[in-house]
1. Based on the mean of other beta carbon atoms within 10 Å per residue, what is the order of 178-188, 368-378, 344-354, 9-19, most packed first?
2. Give me, ordered by chain and number, the residues 5 or more places off Gly425 or on other chains with an amide H under 5 Å from its own placed amide H.
3. Label Arg442 and Asn360 with points 7 Å out from Cα along Cα→Cβ: what is the distance between them in nm?
4. Give me the distance between the Cα centres of segment 317-337 and segment 348-417, rounded to whole Å.
5. Mind listing the long-range amide H neighbours of Thr95? Cut-off is under 5 Å, sequence gap 5 or more, other chains count too, H placed in the peptide plane at 1.01 Å from N.
Amino acid sequence: MAAKLPTVAIIGQANVGKSSLFNRLVGYNQAIVAREAGTTRDNVLGKVTYNDHDFWLVDTAGLKDPNDEFEASIQEQIDEAADAADVILVVVDSTLYPSDEDRVVAKKALKSKKPVVLLTNKIDLRGHLPADEFKRLGIKTIIGTSAEHREGIEDVMNEIVSLIPKAQDVEDDDVLRIALIGRPNVGKSYLFNTLAGKQQAIVANIAGTTRDINRIQVRYKQRTIELLDTAGVRRQGKQVVGIEKFSVLRTLQAIEESDVCLLLMDVNEINTQLDQRLAGVIDEAGKGMVLVVSKWDTLDKTPYTRDSIAPQIANTFNFTPWAPLIFTSSATGQNVTKLFDLALDIEARRKQPTKTRVLNDMLQKATQKHPPAGLKNTQPKLRYIVQTDTTPPWFVIYGSHLKFVHWSYKRYLERLIRETYDYSGTPLKMSFRDEKQIQANREKAEKANKKSPRDRSDSDEEE
């Protein structure tokens, strides 16, 4: 069982270039960048791999439903980052002298005792101020950046990986962890209480007051199951006007810690963009997932209601067709216990044994029936396949010219794996290893090792 990934939070005032920096650090355009302040409305978290380190990068201001009018304030960004992040990146505009607001941000970030790095962005613009002007903020590590021209990005990456803990294996304790994930007000805490069989979550008057992950262990069919709830909970039946926020980082950490996620959506408000984004995060994290429609008792139903709603949801989540869909009601108890059974089934399927011979027979038949397309003189050759992990199920395919394998062919192979072994409820991961590249890297490493210690020290000095 791998360790949880560290989280790196980006905080700062609007229009200092957080989204642009996020895009550069993640490595592709994942957020919307616009000139108007506060326009970040798309994905604001991404998995980053750099120098054998993996981490989550989060723009704490942004993971909101586009229809919500709520904007996370700087105060909330800082509180959340200080609470849950491993590293905090404070971004300021290098063309403006530090403001009182910048000082407040810096002071609170430093007070968290987490590693803090100051990024003075937009150093490509005329009139940008020298780094000395920002020393008064009290943050020791200052890196000048230009998201526009990629300046300083490598320095930021190197600084981050020097601060985050190295990945370590954590012993598997045979506890099945189920996280309840979803937007505010979809009934996570009510379901948490119902599953737990008692009022375990702290119920408060104000929505959005619970920032920590609530957890409880229960026994079901001779298994210990730990429930994780990230919700801001409130008194039953107490309706709160307005939109409550939820913690991006807490949600992310609950996903990372879990084995299976129950993605809840209110039957009265399904198919939102935020639900899709959360499903994407769960998929990316390689966790099992069940799509849970809550509050089924609140709907005026006909015998055909379910059959009309299910295809809509399937269409919205067509990128995770492997996730089962279930309709529940915490009030009546409908299908609530089935969630435990589903989670246990998904865990069993994730860990099911596979046979390399069966997988390779499948691969051979697949390539004979539909050879992968390539370029004129460079056809991809898929030679053999092995499974290397179970959480999530991970398959590695060896061959040559594999960089030309089209995404549609990868999807075709995934479909065949799922037809060979039942992996309902879990994403699959695939890697492609080019044998020629592996051999070239091996020869390069051997060549480097043959250099004398004296040669190596000389070259290190030159670098």
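1. Details: 178-188: 25.1, 368-378: 11.2, 344-354: 16.5, 9-19: 23.4.
Peptide ranking by packing, descending: 178-188, 9-19, 344-354, 368-378.
2. For Gly425, the qualifying residues are Ala323.
3. 1.6 nm
4. Answer, in whole Å: 31.
5. Leu129
Rule-based calculations on the coordinates, nothing more; no lab input. As the structure is a prediction and not an experimental result, all values here were calculated from the model. No Cβ is skipped: glycine too gets one built from the backbone with ideal geometry, and neighbour counts run over all protein chains shown.
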